[in-house]
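Trainee: Please find one structure pasted underneath; my questions will follow.
The values are calculated or read from the model by the stated rules, or taken from the named source; none is laboratory data. Here the structure is a predicted model, which means the values were calculated and not measured. Here Cβ is always computed from backbone atoms with ideal geometry, including for glycine, and neighbour counts include all displayed protein chains. Accessible surface areas use protein heavy atoms only, side chains included; no ligands, DNA or RNA. Shrake-Rupley method; radii C 1.70, N 1.55, O 1.52, S 1.80 Å.
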Amino acid sequence: MTTNRRNFIRSTATAAAAVGLAGPLNAGRWVAPSDRINIGLIGARNMGFGVLQKHLDTGLVNCVGLCDVDQNVLENRAADVLKNYGQKPRLFNDFRKLLEEKDLDAVIVGTPDHWHCLPMVYACQAGKDVYVEKPMANSIEECNVMVKAASRYNRIVQVGQQQRSGPHWQQVNRLIKEGRIGKLRKVNIWGNFNYGIGQLKQPDQPVPAGVDFNFWLGPAPQRTFNPTRFHGSWRMFWDYGGGLVTDWGVHLIDMAFWAKDITTPPQTIMASGGNLSFGDYNHETFDTMSVIFKMDDFTVTWEHTAGTQKGPWNKNYGLAFVGDLGTILVNREGYQVIPEWDDRLKQPKTEAEESTQGGEHHAQHAANFVDCIKTRNKPACPPEIGRAVAVAAHAANIAIRSGAGILHWDEKTGRFTNSREANQLVVPEYRKPWELPRI
Ligand SMILES: NC(=O)c1ccc[n+]([C@@H]2O[C@H](COP(=O)([O-])OP(=O)(O)OC[C@H]3O[C@@H](n4cnc5c(N)ncnc54)[C@H](O)[C@@H]3O)[C@@H](O)[C@H]2O)c1
């Protein structure tokens, strides 16, 4: 960003703050392209592109670069940007080339989880701010490295846990902190989704035209191409993702930690589960899981049954915050305060309430990132928050994968205290020439 553009953006931010403008700083005012933030997208097929659109919708952002290792995705998304926004980004297959662009201010990382750490860290080193999708990374050590990179290179980093920017989630957080349900003792969380069993098994196949599969694999082990472990469905394979608990779990478990402003992983994690069903579907991550996170003065539980979408309270996913006076039931559709009954006073222990004003909240999260690029304030989901919940979710998987069942986490050493097998899964092995950055 040129000094003039930086100054303009800062002064716009200050003026906006002075008149108390909420949301995007342009507040409906047209901002000249030369005064907008220049953003690039790495990983353009699905969520990355969705997030890019929310940034472009603010009117405060230019898309100057698109990068993908699938040429078909790249060309289709370039056409979408031209058609919907009248902009013609430069196209890249190698994110390192995109990061060399002098006019680039920030990047969105919308690649599969095994490809979050390197682009994020390299972007920080190149002086760019970063919006990185959740879970922050595919291993505990990558999360540690990313927290250090954001701090060392003094970058604004927003993790894509967009519920933190959602008004109804913020309202639930407020209600709990104001004592609406009394002492919070337990948070029960569940996420039952059909997609968690992956796709029907298929044999390996030739790599599709236009795909640089070696680059797609990146630091993950070399293997032949199989469509059931590629676009979208990579989530169900350890080399690239962690299954439902890291995919949906981080969004929901994040809300439980936020209720008590927890910024470090839990000390004790207990997990049971495995692959118990749907053997004709291709997945390595667990289709069935029950997890207990033991917190200082409350308990958080996570449950999933992939491929079976029924759930508690007749919802396939959600959280129940259980307090002495009542329960708050919440998911993206809205929330409900359900009072306990006071037998002595013959009245509810707290006031009932219901809201159906939910939503997805990617737009608010993108707007918050853009604001923070300008003001240099801490974003709604900074890296330490992304790390705490990603480490918790990875630890739950590791508890089962290692056979330990119960794990004790030592935040000081960054290792589990009771399982050598579990500690072997903390640091990923990168395939050459890629190397896990040291910060
Ligand atoms: N915040 C949310 O609500 C939300 C929702 C869905 C997905 N996500 C996250 O977004 C990320 C992407 O998920 P998705 O569903 O879009 O996956 P996807 O498989 O649909 O898209 C990923 C894209 O990244 C590209 N890619 C892979 N390696 C690359 C590299 N080294 N350089 C450039 N491009 C590369 C792929 O070719 C593909 O086009 C994941 O981390 C996922 O967890 C977040």
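Trainee: Give the peptides 351-359, 251-259 in descending order of average Cβ contacts within 10 Å, highest first.
Mentor: Listed from highest to lowest mean packing, they are 251-259, 351-359.
Trainee: To the nearest 0.05, what FRET efficiency results for N76 and Q222 with a Förster distance of 22 Å applied to their C-beta separation?
Mentor: Here the calculated transfer efficiency is 0.20.
Trainee: Springs between alpha-carbon atoms under 10 Å, Gaussian network over the chain: tell me which of I42, I400, I108 tops the mean-square fluctuations.
Mentor: I400
Trainee: About the Cα centre of the chain, what is the dipole size in debye to 20, counting +1 per Lys and Arg Cβ and -1 per Asp and Glu Cβ, all else neutral?
Mentor: Dipole magnitude for the chain comes out near 940 debye.
Trainee: Subtract the Cα-Cα distance of T413 and E429 from 0.36 nm times their separation in residues, and report this length gain in nm to one decimal.
Mentor: 3.8 nm is the gain from fully extending T413 to E429.
Trainee: So what is the calculated 222 nm ellipticity per residue for the chain, using -39500 (n - 2.57) for each DSSP H run with n of 4 or more, over all residues, to the nearest 500 deg cm²/dmol?
Mentor: Only helices count here, giving -9500 deg cm²/dmol.
Trainee: Just list whichever of K374/K412; K97/K412; K83/K374; K177/K349; K148/K374 have alpha carbons separated by over 25 Å in the model shown.
Mentor: On the way: K374/K412 34 Å; K97/K412 37 Å; K83/K374 28 Å; K177/K349 17 Å; K148/K374 22 Å.
From the list (K374/K412; K97/K412; K83/K374; K177/K349; K148/K374), the Cα-Cα distance tops 25 Å for K374/K412; K97/K412; K83/K374.
Trainee: Taking the Cα-to-Cβ direction at N377 and at D342 and moving 7 Å from each Cα, how far apart do the two end points lie in nm?
Mentor: 3.8 nm
Trainee: For the pair W30/A352, report the inter-label distance in nm, with labels modelled 7 Å from Cα in the Cβ direction.
Mentor: The two pseudo-label positions are separated by 5.2 nm.
Trainee: Another question, then. Looking at the chain as a GNM with Cα springs under 10 Å, which of R96, R229, R420 has the largest mean-square fluctuation?
Mentor: R420
Trainee: Taking only protein heavy atoms into account and a 1.4 Å probe, give the accessible area per residue of the chain in Å².
Mentor: Roughly 42 Å² per residue, with all protein chains present.
Trainee: Right, here's the next one. In the Gaussian network model of the chain, springs joining C-alpha atoms below 10 Å, which of G386, G127, G110 carries the largest mean-square fluctuation?
Mentor: G127
Trainee: Still on this structure, please answer the following. Sorted by mean Cβ packing within 10 Å, highest first, what order do the peptides 312-322, 267-277 take?
Mentor: Result, highest mean Cβ count within 10 Å first: 312-322, 267-277.
Trainee: Could you work out how far the C-alpha centroid of segment 395-432 sits from that of segment 239-272, in angstrom?
Mentor: Each part's Cα centre sits 15 Å from the other's.
Trainee: What relative contact order, as a whole-number percentage, does segment 29-165 give when Cα pairs under 8 Å and 6 or more residues apart are counted? Mind dumping the intermediate values first?
Mentor: On the way: 248 pairs, mean separation 29.7, N = 137.
Value for segment 29-165: 22 percent.
Trainee: Scanning the chain for helices, which whole DSSP H stretches are 20 Å or more long along the axis (Cα) and average -0.5 or more by Kyte-Doolittle?
Mentor: Numbers: long enough: 3-18 (22 Å, -0.44); 71-85 (21 Å, -0.74); 383-401 (26 Å, 0.70).
Helices meeting the span and hydropathy rule in the chain are 3-18, 383-401.
Trainee: Please give the peptides 153-159, 430-436 ranked by average Cβ packing (other Cβ atoms within 10 Å per residue), highest first, as a rough proxy for protection.
Mentor: The packing order, highest mean first, is 153-159, 430-436.
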